[in-house]
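Taking it in order: structure first as structure tokens, then the write-up.
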Amino acid sequence: MFELRFFEIYRSSEYVNLLIEGLLLSTSLTIASGIIGFLLAFILAALRYWNVIILGFFSMLY
């Protein structure tokens, strides 16, 4: 069988660098998707508010 030895992850600089890279990537993806989602929601809400006929209908469907 295999052993789970998590303490070895924190002793090796290679694993610590990988964990930091993963943390930075996850954080940047989360921030980017939040900004894109906010902008999309703002645009769709503006289309509904200004009663743009065709685009407002599609934003309502979305």
Within the stretch 16-48, residues of a type in the set (D, E, K, R) and over 30 Å from Met60 (Cβ atoms) come out as Glu21
Suppose the filter is surrounded by 10 or more Cβ atoms within 10 Å (Cβ to Cβ), out of contact with any His (no Cβ under 6 Å at 6 or more places or on another chain) and at pLDDT below 90; does Gly37 pass it? no
Requested in this report: Might you check whether a residue that is at pLDDT 90 or above, of a type in the set (Asp, Glu) and at negative phi occurs anywhere in the stretch 20-29?
Outcome: yes
Contact list, first residue from the stretch 38-51 and without any contact (Cβ under 8 Å) to a residue 40 or more places away in the chain, second anywhere and of a type in the set (Phe, Trp, Tyr), beta-carbon distance below 7 Å, six or more apart or interchain, is Leu44/Tyr62
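The values are calculated or read from the model by the stated rules, or taken from the named source; none is laboratory data. As the structure is a computational prediction, the values presented were derived from the model and not from experiment. Every residue, glycine among them, receives a Cβ derived from its backbone with ideal geometry; neighbour counts consider all protein chains shown.
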